[in-house]
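Please read the structure below before turning to the comments.
The values are calculated or read from the model by the stated rules, or taken from the named source; none is laboratory data. Owing to the predicted nature of the structure, the values given are computational and were not obtained by experimental measurement. As a convention, Cβ positions derive from the backbone with ideal geometry for all residues, glycine included, and neighbour counts pool all protein chains shown. Heavy atoms of the whole protein, side chains included, go into the accessibility calculation; ligands, DNA and RNA do not. Shrake-Rupley method; radii C 1.70, N 1.55, O 1.52, S 1.80 Å.
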Amino acid sequence: MIRKALEKDIVGIHRLLGQVLLVHHNIRPDLYKKDGAKYTEEQLKGIINNPLTPTFVYVDDNDNVLGHLFFQVIHNKETSNTHSYTTLYIDDICIDKNSRHKSIGTALFNFAKEYAKTIGAYNITLHVWTGNNEAEAFYKKMGMTPQYTSMEMIMSPATFQQRFS
């Protein structure tokens, strides 16, 4: 079942965010620590209770959090060269590592599509790290296509590595 996240879900959400962090760390240990928290408990309470950051969880019959969706509703204003439109940005989506390949991700993504329709969103966007092949394949299967490519050049890898050795 998918429902609005409640403050009682914070422990389960933190557990999932830890799994996301580990995926990011494994792909980019130069940027992401192995342990830590993306948000404090107070920040999560604020996110859960903010209408501009709707947050939902997928729970089992015992109300255990098996997945989550963090949204940001972005109202892009008209400029001299762009139209106005609303974007539903998926800030975070995660399915518990022990519950993957059970259609929970598909259910959450379909929920996102329906939610986007209810708010009149023009598009759904998200970011996926290069190297997160499983997630990228999933998003393509859901019908997403690349919007743009973000590129980087690491200037001083030796200096950076010394800081953490």
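At a glance:
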read-out: Scope segment 104-125; condition open to solvent by less than 30 Å² (accessible area, probe 1.4 Å) and more than 16 Å from Phe56 (Cα to Cα); matching residues; value: Ala121, Thr125
read-out: Residue list for segment 1-60, filter: open to solvent by 60 Å² or more (accessible area, probe 1.4 Å), among the basic types (Lys, Arg) and under 27 Å from Asn133 (Cα atoms); value: Arg15, Lys33, Lys34, Lys38
read-out: Inter-residue pairs, beta-carbon under 8 Å, first closer than 19 Å to His75 by Cβ and in segment 113-136, second among the charged types (D, E, K, R), 6+ apart; value: Ile124/Lys113; Leu126/Asp91
read-out: Residue check, Met153 exposed (fewer than 14 other Cβ atoms within 10 Å of the Cβ) and in a loop (DSSP other than H, G, I, E, B); value: yes
read-out: Every pair of residues 6+ apart whose Cβ atoms lie under 7 Å, when the first sits in segment 44-56 and is in a strand (DSSP E or B) while the second is small (Gly, Ala, Ser); value: Thr55/Ala5; Phe56/Ala5
read-out: Extreme residue, nearest to Phe71 (Cα to Cα), among residues of segment 109-150 that are part of a loop (DSSP other than H, G, I, E, B) and hydroxyl-bearing (Ser, Thr, Tyr); value: Tyr122
read-out: Some residue of segment 57-67 being modelled with pLDDT of 95 or more and in contact with a Cys (Cβ under 9 Å, 6 or more places away or on another chain); value: yes
